[in-house]
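Worksheet: one structure, shown below.
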Amino acid sequence: MADAEPLPSSTLILLRAEPVAADPFAVLMLERHGSVTFPGVHAFPGGVVDPGDHVVPGARLPPDQAWAPAGEGDGPDDALPYWVAAVRELFEEVGILLSTRAGAPVASCDLPDLADLRARLHAGAPFAELLAEHDLTPATDALYYLARWITPKQNPRRFDTRFLVARLPDVQEACADGTETVSCRWFGPREALAAYESGAITLIPPTVRTLDDLARFPSIDAVLADARRRVVRAVRPQVVTVGGQPALQYPDEAGHAELPPRRLVLRDGRWRPAD
């Protein structure tokens, strides 16, 4: 039986400058509905790239993003649909629209029919068409590349997901769509990991590793500065055994080939960083 082909996908790690307990900032996480992929897990907003994500006038990549050499990862010639998909999925799933008008960020109060736009997007209206009606451009140039994960070959359904990170630009209220997402909440990275350890929430390995990485940064500025410099290559986890326990082993997310592989070990039903 042939391996399943990974679906091109994007996820957006949205950060808010609000200290939470021991964390200097918060990250938006949503709880997946029981009938969708990864049922019941807490995750970052995101999903599969749509054909319409390839044609959104005005969308552009951040001009200061570092890129992998040709043939080793995404480059500016082919990455833009993933950035558009991240903005679209964020709006679909939690109602936050990262956009600009004439180069200036647009606040939710400037879009009184935001709920109607979201409903029409859910009904199948093209994202580009909805943006054009209000002279909006997706704020894709404010999203930076943090990591790329490809589901292991053993999985029957696989994803090739770009993990992007951005700052919440204005006060917009996150609201779960009630179909794909049950609820959404702002967690501190350490707070989310503690909730996972206690069994209060469920996480999948890429989310555990991403939260563990975010927990080392002192500010949102530091996260974005690091992402801006990252040369991201695909992370292809390998299923291995460590001390008799299942583990996922993978190279450093930023693509530093000189660094030893990192591991997540499954202990007591929880994936835990082993390094």
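The values are calculated or read from the model by the stated rules, or taken from the named source; none is laboratory data. In this text the structure is predicted, and so the values were computed from the model without any measurement. Here the Cβ is made from the backbone with ideal geometry for all residues, glycine too, and neighbour counts use every protein chain on show. Heavy atoms of the whole protein, side chains included, go into the accessibility calculation; ligands, DNA and RNA do not. Shrake-Rupley method; radii C 1.70, N 1.55, O 1.52, S 1.80 Å.
A few remarks follow.
- Relative contact order for the chain, counting Cα pairs under 8 Å that sit 6 or more residues apart, in percent: 25
- Shape category assigned to the stretch 187-235 from the gyration tensor of Cα positions, a/c cut at 1.5: oblate
- Taking 0.36 nm per residue of separation and subtracting the current Cα-Cα distance, fully stretching the chain between Arg270 and Leu7 would add 92.1 nm.
- Rounded to 10°, Cα long-axis angle of helix 80-94 versus longest principal axis of the chain: 80
- The simple spin-label model puts a point 7 Å past each Cα toward its Cβ; for Ala115 and Ser198 those points are separated by 3.3 nm.
- Taking other residues whose beta carbon is less than 9 angstrom from the beta carbon of Ile220, and scoring Lys, Arg as +1 and Asp, Glu as -1, yields +1.
- Each residue of the stretch 96-113 was assigned a 3J(HN,Hα) from its phi angle through the Karplus expression (A = 6.51, B = -1.76, C = 1.60, θ = phi - 60°), giving 9, 10, 7, 8, 10, 9, 6, x, 9, x, 9, 7, 4, 5, 7, 10, x, 9 Hz with x at Gly and Pro.
- Accessible-area order (highest first, 1.4 angstrom probe) of the listed residues Cys184, Cys175: Cys175, Cys184
- Residue among Val55, Val84, Val232 with the largest mean-square fluctuation in a Gaussian network model of the chain, springs linking Cα atoms under 10 Å: Val55
- Full-stretch length increase - Arg229, Gln154 - with 0.36 nm per residue and alpha-carbon distance subtracted: 23.8 nm
- Highest-MSF residue in the chain out of Gly75, Gly46, Gly243 [GNM, Cα springs under 10 Å]: Gly243
- Carbon + sulfur, % of accessible area of the stretch 22-94 - ligands and nucleic acids excluded, 1.4 Å: 57
- Remark: the stretch 78-135 carries 40 Å² of accessible area per residue (probe radius 1.4 Å; ligands, DNA and RNA excluded).
- Surface accessible to a 1.4 Å probe, Asp135 within the full protein complex, Å²: 110
- Global geometry of the stretch 1-133, whether rounded, prolate or oblate, following the gyration tensor of its Cα atoms and the 1.5 cut on a/c: rounded
- Degrees, to the nearest 10: 205-214 long Cα axis against longest axis of the chain: 80
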